[in-house]
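**Student:** Below are the structure tokens for one structure; questions will follow.
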Amino acid sequence: MISTHDPQCTVEVLVTDFMGREKDLSEVLMAGPDVLAHNVETIPRLYTKIRPQADYQQSLDLLSRAKKYDPGVKVKSSIMLGLGESGDEITAVMADLRKAGCDILTLGQYLSPTRNHFPVMRYWTPNEFITLKEVAFSLGFSWVESGPLVRSSYRSEAFFRQEGST
């Protein structure tokens, strides 16, 4: 285990939805990560286009089960913006994530990696990212990173630096 070699080290794992298999999730959590991350990526309406291999509710269930299995683990997710979602839809996903026990959220601008990938439908402004961050905090997230260049692992250590200083 990493923490036996360096007790100051914080471990974050980014996992799939394990196709709903509880055994796989429990095995990961038994290893004692500090953060369990699973990205919902987008709003339910866009799942069939953006994440056809995934299921929104299954992702929420995974996050909820992680928190129930280990209440001390920090649960994290991420949403990409610019795929055709509305502000109200993003807020609804954030509320779903909080209800599932998600503690940490990252919001970033989707950037199409190639012309063959789903196109950017909208570029969200830096001020809109600030507003969404405020909404997320009002919903009860303990840490939020929100901005055009934010990615799911963006400043991962910042939460623990801040938590240790309080």
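The values are calculated or read from the model by the stated rules, or taken from the named source; none is laboratory data. Just so you know, these numbers come straight off a predicted model, no measurement behind them. Cβ coordinates were reconstructed from backbone atoms using ideal geometry, including for glycine residues, and neighbour counts include every protein chain displayed. Protein only, heavy atoms only, side chains kept; ligands, DNA and RNA dropped before computing areas. Shrake-Rupley method; radii C 1.70, N 1.55, O 1.52, S 1.80 Å.
**Student:** For the range 60-83, what are the residues that are open to solvent by less than 30 Å² (accessible area, probe 1.4 Å) and touching a helix residue (DSSP H, G or I) at 6+ places or on another chain (Cβ under 9 Å)?
**Tutor:** Matches in the range 60-83: L60, L62, L63, S64, A66, V73, V75, K76, S77, I79, L81, L83.
**Student:** Separate question: Looking for whichever is over 20 Å from R151 (Cβ atoms), assigned to a helix (DSSP H, G or I), at pLDDT 95 or above and open to solvent by less than 10 Å² (accessible area, probe 1.4 Å) here; the options are L25, L97. Which one fits? So that I can check it myself, show each step before the final result.
**Tutor:** Details: L97 fails: over 20 Å from R151 (Cβ atoms).
Result: L25 is the single residue among L25, L97 that is over 20 Å from R151 (Cβ atoms), assigned to a helix (DSSP H, G or I), at pLDDT 95 or above and open to solvent by less than 10 Å² (accessible area, probe 1.4 Å).
**Student:** So which pairs qualify, if the first residue must be in the range 58-74 and within 17 Å of E27 (Cβ to Cβ) and touching a residue at least 40 places away in the same chain (Cβ under 8 Å), the second must be assigned to a helix (DSSP H, G or I) and of a type in the set (S, T, Y), the Cβ gap must be under 7 Å, and the two must be at least 6 apart or on different chains?
**Tutor:** Y69/S26
**Student:** Continuing with the same structure: Do we find a residue being at pLDDT below 95, exposed (fewer than 15 other Cβ atoms within 10 Å of the Cβ), among the β-branched types (V, I, T) and more than 17 Å from V40 (Cβ to Cβ) anywhere in the range 112-128?
**Tutor:** Yes, the range 112-128 contains a residue that is at pLDDT below 95, exposed (fewer than 15 other Cβ atoms within 10 Å of the Cβ), among the β-branched types (V, I, T) and more than 17 Å from V40 (Cβ to Cβ).
**Student:** Residues M30, M19: which one is surrounded by fewer than 13 Cβ atoms within 10 Å (Cβ to Cβ) and at positive phi?
**Tutor:** M19
**Student:** Within the range 120-128, does at least one residue satisfy the condition of being under 23 Å from L63 (Cα atoms), touching a strand residue (DSSP E or B) at 6+ places or on another chain (Cβ under 9 Å), of a type in the set (F, W, Y) and touching a residue at least 24 places away in the same chain (Cβ under 8 Å)?
**Tutor:** no
**Student:** Check whether at least one residue in the range 86-102 is more than 14 Å from the chain's Cα centre (by Cα), among the charged types (D, E, K, R) and over 15 Å from V135 (Cα atoms), and report yes or no.
**Tutor:** No, there is no match, as no residue in the range 86-102 is more than 14 Å from the chain's Cα centre (by Cα), among the charged types (D, E, K, R) and over 15 Å from V135 (Cα atoms).
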